[in-house]
Amino acid sequence: MGVPTDVARASRQSLARAWSLAFHEHPAKPDGIIYPSRLNGQTNIAVFERAIGKLGAVRTTKLLAAPGFAATLNELRVSIVVPDR
């Protein structure tokens with residue numbers, strides 16, 4: 001498609017946001033975009049609001065019990081903190 005690598009890899013997100021807007025406003029009206037994460041290289045999916053109605057849950061689970069959730073938090077060095085009550 002000719003998208004510059006800076007769109008997905010730059011630390012500043014202004015260029016990526018401009019490209020996302022261009023895809024969103026394109027006459028073909030795509031449902032979203034697939035792009036590599038700038039954090040870990042994994043595949044990300046951005047679904048535009050116009051496509052939300054096309055999505056449906058196959059199954060649901062509690063987030064803390066989701067397969068791979070803990071591993072993903074560890075990989076991204078994210079912690080869950082329970083606030084004091």
Order of 20, 79 - criterion: other Cβ atoms within 10 Å of each residue's Cβ, fewest first
79, 20
Candidates 59, 17, 38: whichever shows maximal mean-square fluctuation once the chain is modelled as a Gaussian network with Cα springs under 10 Å
59
At residue 39 and residue 72, where each label point lies 7 Å from the Cα along Cα→Cβ, what is the point-to-point distance in nanometres?
1.0 nm
Tell me the angle of helix 14-25 to the major Cα principal axis of the chain, expressed in degrees between 0 and 90 and rounded to the nearest ten.
70 degrees
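Laboratory data are not the source of any read-out in this text; all were calculated from the coordinates shown. Everything numeric in this text was worked out from a predicted model, so none of it was measured. Positions of Cβ are generated from backbone atoms using ideal geometry, with glycine treated the same way; all protein chains shown enter the neighbour counts.
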